[in-house]
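To start, the structure itself, in structure tokens.
The values are calculated or read from the model by the stated rules, or taken from the named source; none is laboratory data. All figures in this text were calculated on a predicted structure; none of them were measured in a lab. FYI the Cβ positions are ideal-geometry reconstructions off the backbone, even for glycines, and counts take in every protein chain you see. Heads up: the accessible areas ignore ligands, DNA and RNA and are worked out on the full protein's heavy atoms, side chains in. Shrake-Rupley method; radii C 1.70, N 1.55, O 1.52, S 1.80 Å.
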Amino acid sequence: QVQLVEAGGGLVQAGGSLRLSCAASGRTFSRYVMGWFRRAPGKEREFVAAISASGGSTGYADFVKGRVTISRPNANNTVFLQMNVLKREDTAVYYCAAGSNFLATRAIAYPYWGQGTQVTVSS
């Protein structure tokens, strides 16, 4: 089992950047595929990005490609989401998740979730 804690959210102006982090407990962190999802007010939770257990493969939602980078230096048991050129529509609660399915984009594929961190982008 793994426990996840997100951090790094906050208020940022449009065009700015934020780096979210997700700290994982447990010695098996390196075995998990890690994903980031978000839920905007009044909307369904949606996939943002995922990274393979080895860190060698990544996947992104079309709406963040070129603006977002997911990474995981496994020695630190942490996964990061670097977000650049933020837009108002990026405002959401961002969640990290751990699972076993390679670069899964469906939330149901991730059994472990953090509590979320709020990102608010102002104009």
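Residue 3 meets the conditions (1) closer than 14 Å to residue 113 by Cβ; (2) surrounded by 14 or more Cβ atoms within 10 Å (Cβ to Cβ) in every case but one. The failed one is (2).
What is the residue count in segment 46-78 for residues that are part of a loop (DSSP other than H, G, I, E, B) and surrounded by 14 or more Cβ atoms within 10 Å (Cβ to Cβ)? Result for segment 46-78: 7.
Within segment 95-123, residues that are more than 19 Å from residue 5 (Cα to Cα) and at pLDDT 95 or above sit with their Cβ atoms under 6 Å from residues that are of a type in the set (A, V, I, L, M, F, W, C) and assigned to a strand (DSSP E or B), at 6+ positions apart or across chains, in these pairs: 105/47; 121/12. Just one residue in the set 86, 81, 20 is in a loop (DSSP other than H, G, I, E, B) and either open to solvent by less than 20 Å² (accessible area, probe 1.4 Å) or among the aliphatic types (A, V, I, L, M) (or both); that residue is 86. Among the residues of segment 73-109, just one is among the basic types (Lys, Arg) and within 19 Å of residue 52 (Cα to Cα), namely 106. Tell me, please, whether a residue that is open to solvent by 30 Å² or more (accessible area, probe 1.4 Å), farther than 30 Å from residue 13 by Cα, among the β-branched types (Val, Ile, Thr) and not in a loop (DSSP other than H, G, I, E, B) can be found in segment 102-116. Yes, there is a match, as at least one residue in segment 102-116 is open to solvent by 30 Å² or more (accessible area, probe 1.4 Å), farther than 30 Å from residue 13 by Cα, among the β-branched types (Val, Ile, Thr) and not in a loop (DSSP other than H, G, I, E, B). If you check 86, 18 for being of a type in the set (A, V, I, L, M) and within 14 Å of the chain's Cα centre (by Cα), only one passes: 18.
Can you find even one residue in segment 74-89 that is touching a Pro at 6+ places or on another chain (Cβ under 7 Å) and not polar (S, T, N, Q)? There is no residue in segment 74-89 that is touching a Pro at 6+ places or on another chain (Cβ under 7 Å) and not polar (S, T, N, Q).
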